[in-house]
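Participant: Have a look at this one.
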Amino acid sequence: MPKRLPTPEIDDGAKYLTVVNPYPFRPNMYLPKPRELFAQWIAACIGPSIGPRYLRAFYHKPTSPGCIIVEVDESLPSFRVLLGLHKWSEFLKNSKGHEETVSGVYYCTYGSDRDVQKNGWLRIDVEDGWFLKPTKACVCPEE
């Protein structure tokens, strides 16, 4: 019997990042509120006005509650801004108890959605309703 050909690589136009110690702390991604908070935080790190546009999905694994894999569009202009450490005290209004807590964002070793899901990570698609709608500027009336 002939051996099956390997599955060709899929270019899905995405980049994958690993978030260690994500905000909120050890989120239960089966609940809607932690999903929404995490998506809002990652979008704010990208840039509040452009973040939701480039954030596609994220992945969680129940056996790895301290890590989340984020899928962003490869056309994201400020990709390097995401990499590195993000102090919680810089974005929380009341950071009591979290003054020294940081989240780390690093390159992910997986290169496609298929690789991520094949290794047991569960996909959560980002929903538009998690973000505020952009407001339209109104013209001042003439005097």
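Participant: Among residues belonging to the stretch 106-129 that are part of a loop (DSSP other than H, G, I, E, B) and aromatic (Phe, Trp, Tyr), point out the one that is nearest to LEU31 (Cα to Cα).
Facilitator: Residue satisfying both the conditions and the ranking: TRP121.
Participant: For the stretch 80-130, which residues satisfy the criterion of being closer than 15 Å to VAL20 by Cα, of a type in the set (S, T, N, Q) and modelled with pLDDT under 85?
Facilitator: Selection gives nothing.
Participant: Can you confirm whether ARG26 is among the basic types (Lys, Arg) and within 13 Å of the chain's Cα centre (by Cα)? It would help to see each step written out before you state the result.
Facilitator: Details: among the basic types (Lys, Arg): yes; within 13 Å of the chain's Cα centre (by Cα): no.
No: the conditions fail for ARG26.
Participant: In addition: Could you check the stretch 5-105 for helices (runs of 4 or more DSSP H) lying wholly inside it with 3 or more residues that are basic (Lys, Arg), touching a His at 6+ places or on another chain (Cβ under 8 Å) and surrounded by 14 or more Cβ atoms within 10 Å (Cβ to Cβ)? Show your work before the answer.
Facilitator: Details: elements: 32-46, 51-54, 79-82.
It comes to none.
Participant: Against the condition of a type outside the set (D, E, K, R), in contact (Cβ under 8 Å) with a residue 12 or more places away in the chain and touching a Pro at 6+ places or on another chain (Cβ under 6 Å), how does LEU37 come out, does it pass?
Facilitator: yes
The values are calculated or read from the model by the stated rules, or taken from the named source; none is laboratory data. Please read these numbers as outputs of a predicted model, since none were measured by experiment. Note: ideal-geometry Cβ built from the backbone for every residue, glycine included; neighbour counts use all protein chains shown.
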